[in-house]
Ligand code: ADP
């Protein structure tokens with residue numbers, strides 16, 4: 001419908017009087033005209049366009065038609081705020097920390113749409129002030145299972161525990177669910193997947209097990225790695241068939257350290273798909289969520305059993321959540337806690353930015369240790385090699401590396417096998433001039449995964465901030481970053497010769513190698529950031545938390561990045577999501593037993 005028709009249609013609809021304020025009767029009644037309106041405003045990453053529907057004089061629907069906010073966090077924040085607008089019939093809603101500008105943009109766009117429906121500026125001032133943080137009515141609450149953390153592991157555990165018949169609550173300290181899983185690329189390693197079969201890729205549980213163990217220098221607990229490898233396929237089927245997660249049907253990624261492409265990639269190449277679908281399933285089953293609720297302490301009875309969790313919220317309420325069956329610790333790692341990083345490995349100090357969410361501060365590790373849990377491999381901290389050097393955020397456009405892009409240094413030379421493990425590449429980059437590297441690819445590589453298109457928002461932001469350039473020649477690519485032109489041209493020529501011969505004689509690059517001949521070319525500046533903490537709470541094969549005497553602590557289970565021993569010195573790409581789903585499910589099932 002064009003704009004004119006829309007206006008006519010809107011005027012023909014019954015004009016209703018409604019109380020735009022939540023306190024009907026106390027404020028002057030306002031008029032909103034039924035219809036569908038669009039509004040737009042600037043967010044952090046660009047324009048936010050909303051479509052707002054008014055039915056029977058009330059805001060009945062808000063659709064965010066376009067936005068360029070941080071994938072995952074921006075999406076979720078805008079959904080929460082839209083929901084609050086509709087529930088409260090007010091655009092005087094609190095913003096969400098971590099996505100403040102996105103929320104402000106959405107509210108402004110909604111106001112613009114409402115003005116077309118007849119609202120005036122002063123109406124907005126009269127509206128009910130809506131806080132997204134509500135006080136708990138009961139400061140003491142009783143559940144069968146209390147789960148700490150609403151990332152991938154916590155959500156998988158919640159769904160599984162609820163499915164087993166338990167009364168379940170998830171405590172999440174941030175205003176949004178998702179943790180690091182939300183900002184991940186949504187890759188999940190699965191041997192023998194239908195996607196592998198369709199591409200005739202031979203794989204096995206044994207090969208996945210061996211790659212994972214080897215990738216972590218054989219320092220992982222082999223029995224936990226075995227559980228991971230053996231349960232990956234079932235976990236992926238559960239996600240697809242039961243949780244309704246969609247994976248890209250044609251995409252399989254071979255992350256560094258894996259012998260074959262085996263990572264399924266969630267729709268959108270982002271953790272959002274996993275987190276949204278797990279949350280929908282958990283809510284559908286009746287799991288309770290307590291957002292902005294920080295777990296502070298595990299409650300122990302006289303026999304040493306974990307019987308609940310003490311928590312607080314921003315309203316400074318002291319809350320007690322009794323856990324009649326047990327607690328699942330799923331609070332993630334400690335990548336955002338610089339002091340804790342330095343305590344366990346002084347190398348990873350302030351000089352490193354992080355890819356992590358602000359909630360990954362190691363709280364669960366500290367709480368578990370206080371009740372006697374054993375910790376392991378706390379000094380194994382992983383950096384991700386190809387992050388944005390300005391923000392620290394992981395770059396998904398740089399996944400072009402897995403499709404065939406090469407890494408060069410300021411001198412224009414390759415210095416590492418691009419399919420090497422994350423730690424090896426990270427150390428390699430840090431040893432180069434300015435501690436940065438440059439990722440280079442052309443249309444041959446771009447055609448494989450279309451990374452600049454799949455991640456358009458990230459691409460545009462990097463182009464704007466001169467972290468990435470699209471250029472027409474190798475010479476130009478070198479010049480934009482003041483890389484030695486002749487050496488880089490020679491490097492690319494030599495690499496293309498290797499491609500023609502079918503073997504990378506310099507670094508013996510694994511997987512398919514592709515030439516860099518067809519422009520336009522892309523060159524992106526990259527730097528390592530702290531990404532994953534491999535160490536944490538010791539668990540057994542049943543996800544029970546083990547104490548310093550090697551015995552399980554009754555009533556306490558843990559899963560995901562908060563645990564240690566599954567990845568050894570170095571976690572392979574795509575193994576975090578497999579870990580959180582496999583062990584989250586195990587923890588959720590066993591805590592109910
Ligand atoms: P995993 O990948 O292991 O599931 P994530 O990082 O995805 O880990 O999720 C962990 C979640 O736990 C995050 O959302 C984080 O905000 C939350 N969290 C961390 N500490 C606490 C705490 N003390 N209380 C409640 N939630 C917490």
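The combined condition, being touching a residue at least 24 places away in the same chain (Cβ under 8 Å) and part of a helix (DSSP H, G or I), is not fulfilled by residue 530.
Does the stretch 299-306 contain any residue that is away from the ligand (no atom under 16 Å from the Cβ), in a loop (DSSP other than H, G, I, E, B) and in contact with a helix residue (DSSP H, G or I) (Cβ under 9 Å, 6 or more places away or on another chain)? Within the stretch 299-306 (the criterion being away from the ligand (no atom under 16 Å from the Cβ), in a loop (DSSP other than H, G, I, E, B) and in contact with a helix residue (DSSP H, G or I) (Cβ under 9 Å, 6 or more places away or on another chain)), the answer is no, since none of the residues qualifies. Of all the criteria given as (1) over 21 Å from residue 273 (Cα atoms); (2) away from the ligand (no atom under 12 Å from the Cβ); (3) assigned to a loop (DSSP other than H, G, I, E, B); (4) touching a helix residue (DSSP H, G or I) at 6+ places or on another chain (Cβ under 9 Å), the one not satisfied by residue 545 is (3).
State yes or no: is residue 440 more than 16 Å from the ligand (Cβ to nearest atom), in contact (Cβ under 8 Å) with a residue 12 or more places away in the chain and touching a strand residue (DSSP E or B) at 6+ places or on another chain (Cβ under 6 Å)? Answer is yes for this residue. Do we find that residue 458 is under 25 Å from residue 187 (Cα atoms), modelled with pLDDT under 95 and buried (at least 16 other Cβ atoms within 10 Å of the Cβ) in this structure? Yes: the conditions hold for residue 458.
Entry remark, the stretch 71-94: residues being surrounded by fewer than 24 Cβ atoms within 10 Å (Cβ to Cβ) and part of a loop (DSSP other than H, G, I, E, B) number 5 in total. The residues listed here are 282, 311, 295; of these, the one that is under 14 Å from residue 147 (Cα atoms) and either at pLDDT below 95 or not in a strand (DSSP E or B) (or both) is 282. Quick one: would you say residue 327 is within 29 Å of residue 229 (Cα to Cα), within 14 Å of the ligand (Cβ to nearest atom) and modelled with pLDDT of 95 or more? Against the criterion (within 29 Å of residue 229 (Cα to Cα), within 14 Å of the ligand (Cβ to nearest atom) and modelled with pLDDT of 95 or more), residue 327 qualifies. Is there a residue in the stretch 392-401 that is closer than 24 Å to residue 269 by Cβ, at pLDDT below 95 and assigned to a helix (DSSP H, G or I)? There is at least one residue in the stretch 392-401 that is closer than 24 Å to residue 269 by Cβ, at pLDDT below 95 and assigned to a helix (DSSP H, G or I).
Of note, residue 145 satisfies the criterion of being modelled with pLDDT of 95 or more, more than 8 Å from the ligand (Cβ to nearest atom), over 23 Å from residue 230 (Cβ atoms) and in contact with a strand residue (DSSP E or B) (Cβ under 8 Å, 6 or more places away or on another chain). One residue alone among 423, 379, 356, 434 is assigned to a loop (DSSP other than H, G, I, E, B) and either away from the ligand (no atom under 16 Å from the Cβ) or surrounded by fewer than 20 Cβ atoms within 10 Å (Cβ to Cβ) (or both), and that residue is 379. Within the stretch 246-255, can one find any residue that is modelled with pLDDT of 95 or more and in a helix (DSSP H, G or I)? So far as the stretch 246-255 goes, no, none of its residues is modelled with pLDDT of 95 or more and in a helix (DSSP H, G or I). In the stretch 309-330, the condition of being under 30 Å from residue 455 (Cα atoms) and in contact (Cβ under 8 Å) with a residue 12 or more places away in the chain is met by at least one residue.
The values are calculated or read from the model by the stated rules, or taken from the named source; none is laboratory data. All of these numbers come straight from a predicted model, not from anything done at the bench. Methodologically, a virtual Cβ is constructed for each residue, glycine included, from the backbone with ideal geometry; neighbour enumeration extends over all protein chains shown.
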